[in-house]
1. Taking 1 over the mean of 1/r across every pair of different Cα atoms in the chain, what Kirkwood radius in Å do you get?
2. Quick one: accessible area per residue over the chain, 1.4 Å probe, rounded to a whole number of Å²?
3. Helix 25-35 versus the longest principal axis of the chain: what is the Cα-based angle in degrees, 0 to 90, to the nearest 10?
4. Please report the carbon-and-sulfur percent of the accessible area for region 117-203; probe 1.4 Å, protein heavy atoms only, DNA, RNA and ligands left out.
Amino acid sequence: SLKIFVGYGTPGGMPGFGTSNEMSGKDIDIMARYIQHPAPTPPEWGMKEMKASWKVLIPESQRPKKQMNKLNLNNVFSVTLRDSGELALIDGDSKKIITILKTGFAVHISRISKSGRYLYTTGRDGLINLIDLWMETPQTVATIRTGSDARSIDTSKYKGYEDKIAIAGSYWPPAYVLMDGFTLEPKKIVSTRGYTYDEQEYHPEPRVASIVA
């Protein structure tokens with residue numbers, strides 16, 4: 001049946017790789033066999049790997065002291081360009097594209113800082129972009145990869161802690177990460193692996209799917 005699905009597709013939208021002549025009968029047979037193999041466990045991603053991936057492209061001291069453009073920052077759209085691994089910033093007043101920035105693959109969430117100055121994005125591949133909207137043309141000022149599969153990020157909004165802490169959640173490794181809100185320097189990783197509250201069974205992969213301040 002797997003060979004039939006791969007070859008002829010499904011009504012739900014999966015293409016037929018055989019009927020479109022993209023795969024031969026032999027290739028379809030090999031693919032059907034491959035799919036049945038258990039997936040290997042992905043590699044871990046700890047503090048050492050995070051710090052190695054962390055880049056501050058423009059230090060805080062070199063960033064603008066005031067807004068250098070005339071954008072209405074209360075009306076800027078952050079639009080995911082999924083397959084190209086990019087993000088389009090669009091002026092909500094004029095509907096014109098402000099700029100297109102390289103990001104992680106398939107940005108899953110864009111979150112604005114409490115101040116309204118910074119935009120935080122995370123791709124499904126775990127790459128986070130910190131974008132400064134005050135620059136003449138908004139651009140990425142820091143990046144970090146917090147894992148290999150991720151979905152969400154936000155910053156602290158509580159009085160006295162505004163934007164001081166960025167927090168990102170990962171599907172893999174199952175954890176959330178606390179970072180400096182202005183540089184993305186990783187500070188602490190908290191694993192979500194553990195025992196379920198009810199049956200007390202060990203759960204190896206409790207994914208962190210959404211973070212909302």
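The values are calculated or read from the model by the stated rules, or taken from the named source; none is laboratory data. Computed from a predicted structure; not experimentally measured. Just so you know, the surface numbers come from the protein's heavy atoms only, side chains and all, with ligands and any DNA or RNA stripped out. Shrake-Rupley method; radii C 1.70, N 1.55, O 1.52, S 1.80 Å.
1. Answer for the chain: a Kirkwood hydrodynamic radius of 19.5 Å.
2. I get 59 Å² per residue for the chain.
3. 60
4. Carbon-and-sulfur percentage of accessible area, whole number: 50.
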